[in-house]
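Following: one structure in structure tokens, then a few remarks.
The values are calculated or read from the model by the stated rules, or taken from the named source; none is laboratory data. All figures in this text were calculated on a predicted structure; none of them were measured in a lab. Methodologically, a virtual Cβ is constructed for each residue, glycine included, from the backbone with ideal geometry; neighbour enumeration extends over all protein chains shown.
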Amino acid sequence: MIHHSGVQGPAAIVLGGVHGNEPGGWLAADELVNWQPAAGTLLVLPRANVTALNAFVRTFEEIGDLNRLYPGDADSPLMMERMAHAILETAREFGVELLLDMHESWAFYAEYPPNSGTGALGQTITAGVGPMQAHFGERLAEKVNPALTPREQLIVRDGTRFSRPATTPSAGQPGRGRSSLSAGGHVAGLTPVLVEMGQADQPLERRVELHLLTARAALELVGVL
């Protein structure tokens, strides 16, 4: 969904449903589709991996994991790798400044030791390399956290490591193994931000509310709302 405000301004993309078993993100994005920007352009892809959503699984091997396939490939046999390419091409076309990717993790980052893995990233904000990386995560947390309970507080993580080139020994293949946090390395002027809400002992309705609060704050910070 693309909404033009009719007023000159920035552009932002919001992604939901990258993983099919993270409903808070896609349900929030479903509501975002109806938001009207005050300036610039708001683009929303609410259910990026419909196949996985319909089965309520993270993804399927035969289509790939969208959040491991940036910068994508228009000719890939993997549907999600083609999707990654399309997302970045759209970002270039519209001059997108912010890519907000809404996810969920099972455990809360604050409740587990560091380096506990991707299953313990709940209640975090991570900004990838881009023009706003140095300040955006902190500004977003400062804007949202006063409205949250102590357990819900959003923690800012460093996304610098996602500046690696697309081909690395750990990636295995060119363009594989890469998160949306690498998008700023492929689209000039773009800063990617990944927000994770924790599922453990946090109702789905509240996770949706938190995603919406965070999305509104992020879009206000860049001047779209």
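Looking at (1) at pLDDT 90 or above; (2) farther than 19 Å from residue 122 by Cβ; (3) touching a strand residue (DSSP E or B) at 6+ places or on another chain (Cβ under 9 Å), which is the only condition residue 189 fails? Looking at each condition in turn, residue 189 falls short on (3). When residue 11 is tested against (1) crowded, with 22+ Cβ neighbours inside 10 Å; (2) touching a residue at least 40 places away in the same chain (Cβ under 8 Å); (3) farther than 16 Å from residue 99 by Cβ, just one condition goes unmet, and that condition is (3).
Could you check, for segment 147-154, whether at least one of its residues is crowded, with 23+ Cβ neighbours inside 10 Å and either part of a helix (DSSP H, G or I) or touching a residue at least 12 places away in the same chain (Cβ under 8 Å) (or both)?
Within segment 147-154, one or more residues are crowded, with 23+ Cβ neighbours inside 10 Å and either part of a helix (DSSP H, G or I) or touching a residue at least 12 places away in the same chain (Cβ under 8 Å) (or both).
Among the residues that make up segment 105-121, is at least one of them surrounded by 23 or more Cβ atoms within 10 Å (Cβ to Cβ), over 29 Å from residue 3 (Cβ atoms) and at pLDDT below 95? Yes, that holds for at least one residue. Number of residues in segment 1-27 that are of a type in the set (A, V, I, L, M) and either closer than 17 Å to residue 58 by Cβ or in contact with a Lys or Arg (Cβ under 8 Å, 6 or more places away or on another chain) (or both): the value is 3.
If you check residue 100 against the conditions, is it under 21 Å from residue 26 (Cα atoms) and assigned to a helix (DSSP H, G or I)? In short, no. Looking across segment 122-146 at every residue that is in a strand (DSSP E or B) and either within 19 Å of residue 200 (Cα to Cα) or charged (D, E, K, R) (or both), the one that is modelled with the lowest pLDDT is identified as 122.
Residues checked against (1) out of contact with any His (no Cβ under 9 Å at 6 or more places or on another chain); (2) over 16 Å from residue 182 (Cβ atoms); (3) aliphatic (A, V, I, L, M):
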{"residue": "82", "(1), (2), (3)": "yes, yes, no"}
{"residue": "88", "(1), (2), (3)": "no, no, yes"}
{"residue": "94", "(1), (2), (3)": "yes, yes, no"}
{"residue": "103", "(1), (2), (3)": "no, no, no"}
{"residue": "107", "(1), (2), (3)": "yes, yes, yes"}
{"residue": "110", "(1), (2), (3)": "yes, yes, yes"}
{"residue": "116", "(1), (2), (3)": "yes, yes, no"}
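If you go through segment 14-54 and keep only what is crowded, with 21+ Cβ neighbours inside 10 Å and among the small types (Gly, Ala, Ser), you end up with 16, 17, 20, 24, 25, 28, 29, 40, 48, 52. Among the residues of segment 62-73, is there at least one that is crowded, with 16+ Cβ neighbours inside 10 Å, without any contact (Cβ under 8 Å) to a residue 60 or more places away in the chain and at positive phi? Yes, segment 62-73 has at least one match.
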